[in-house]
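The values are calculated or read from the model by the stated rules, or taken from the named source; none is laboratory data. Please read all numbers here as calculations on a predicted model, not as lab measurements. Cβ coordinates were reconstructed from backbone atoms using ideal geometry, including for glycine residues, and neighbour counts include every protein chain displayed.
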Amino acid sequence: MTIQAVLGEQLEEMSVEGLRKVGVFIQEDPRYFTLRLRVPGGDLSVDQMEGLARIARRYGRGRIHLTTRQAVQLPWVKASQIQEVVGELEKIGLLLSSCGPRVRNIVACPGWPECKNGTSKPLESSRVNTQRLCEEMDRRFFGLDTPTKVKIGIAGCPNSCIRAHTNDIALVAKVKPKLISERCNGCGLCQMACKEGACFLSEAEDWTARRPQFLWDECIRCGDCIRNCPQEAIVPEREGYHIYAGGRVGRHPQFAYLIAEYADEETIYKVTENIIRVFREEGVPGERLGSTINRMGLEEFRRRVLDSKGDNGG
């Protein structure tokens, strides 16, 4: 049963906490409520934005709030009009979000082709786009009950503009470069493109004989060298999404731990499913995933997540 169906059938009987769970928040003035909307990846059409403006003018005070997690909130909705507003939202393809101990609105960067950092040309047919991945993650995991809130972030490159590593579950696209020496003319554009100093040219009297070398401990697998090579001499050796777990902000911020490397699309779904399963089995109410991992130990948590998959996700 959808959140909308539950709301329609049980609105009058639902507690304040029950309403929060489906994205409806009572304001300081108890005559009014704020409705949080489910907007995976922050992706809205112009028609939806126009519809939101119309709904906000009619049922609220003409105000719309954009949350830190790419969602939308409509404040100043009267209790007697909540179901009517939900119906109007459904007409423009928008549903209520969630709060409390559940998987929250999933955030993602635009990714390619909108952002050139999201991939390199050779990856367009092999790596799933961040927005499409976000839509599928939303379909599979949004609103699932968990010991406490679970936030998921998806970044199309290591720039991580959406601060993926501060999410309970983070997906960060990475690519390991490989040199095809016979294609290289020693131009040095790869070295110039590398912001980490991880790619440099070997010494040679004839500059055309110079070849890029890599400092793997410094390389962050961003793919800038691949994108900037005019000879297509640097190509992907491995690519996919690194999967992290246990990040958070708030009073006690923590970066997420690496769980799996270069995961393809199906591996992402399986590992995410396993992370949530282990959290449900071992987490306690009010304890964030990162605290559960700290209590269990990273290696034990990682083993429990990956054993059922049979590999390291790479």
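Data table
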read-out	value
Selection status of Arg104, more than 15 Å from Ile26 (Cα to Cα), of a type outside the set (Ser, Thr, Tyr) and in contact with a Lys or Arg (Cβ under 6 Å, 6 or more places away or on another chain)	yes
Single residue of segment 94-120 satisfying the filter (assigned to a strand (DSSP E or B) and more than 17 Å from the chain's Cα centre (by Cα)) that is nearest to Leu44 (Cα to Cα)	Leu95
Residue match in segment 216-226 (condition: assigned to a loop (DSSP other than H, G, I, E, B), at positive phi and not assigned by TED's automatic domain parsing to the domain that holds Gly283)	yes
Any hit, segment 190-212, residues being surrounded by 19 or more Cβ atoms within 10 Å (Cβ to Cβ) and assigned to a helix (DSSP H, G or I)	yes
Any hit, segment 29-50, residues being polar (S, T, N, Q) and surrounded by fewer than 13 Cβ atoms within 10 Å (Cβ to Cβ)	yes
Selection count where residues are within 30 Å of Ile162 (Cα to Cα) and either of a type in the set (S, T, N, Q) or without any contact (Cβ under 8 Å) to a residue 24 or more places away in the chain (or both), scope segment 67-88	4
Filter result (without any contact (Cβ under 8 Å) to a residue 40 or more places away in the chain, more than 30 Å from Ile152 (Cβ to Cβ) and small (Gly, Ala, Ser)) within segment 165-199	Gly186, Gly188, Ala193, Gly197
Close pairs from segment 119-140: first surrounded by 22 or more Cβ atoms within 10 Å (Cβ to Cβ), partner small (Gly, Ala, Ser) and modelled with pLDDT under 90, Cβ under 6 Å, at least 6 apart	Thr130/Gly111
Segment 219-253 - residue that is in contact (Cβ under 8 Å) with a residue 40 or more places away in the chain and closer than 15 Å to Ser291 by Cα and, of those, surrounded by the fewest Cβ atoms within 10 Å (Cβ to Cβ)	Pro253
Identity of the residue in segment 65-93, in a strand (DSSP E or B) and more than 24 Å from the chain's Cα centre (by Cα), that ends up surrounded by the fewest Cβ atoms within 10 Å (Cβ to Cβ)	Lys78
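Every residue, every condition in (1) modelled with pLDDT of 90 or more; (2) charged (D, E, K, R); (3) assigned to a helix (DSSP H, G or I), yes or no:
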{"residue": "Ala5", "(1), (2), (3)": "no, no, yes"}
{"residue": "Phe33", "(1), (2), (3)": "yes, no, no"}
{"residue": "Gln48", "(1), (2), (3)": "yes, no, yes"}
{"residue": "Arg63", "(1), (2), (3)": "yes, yes, no"}
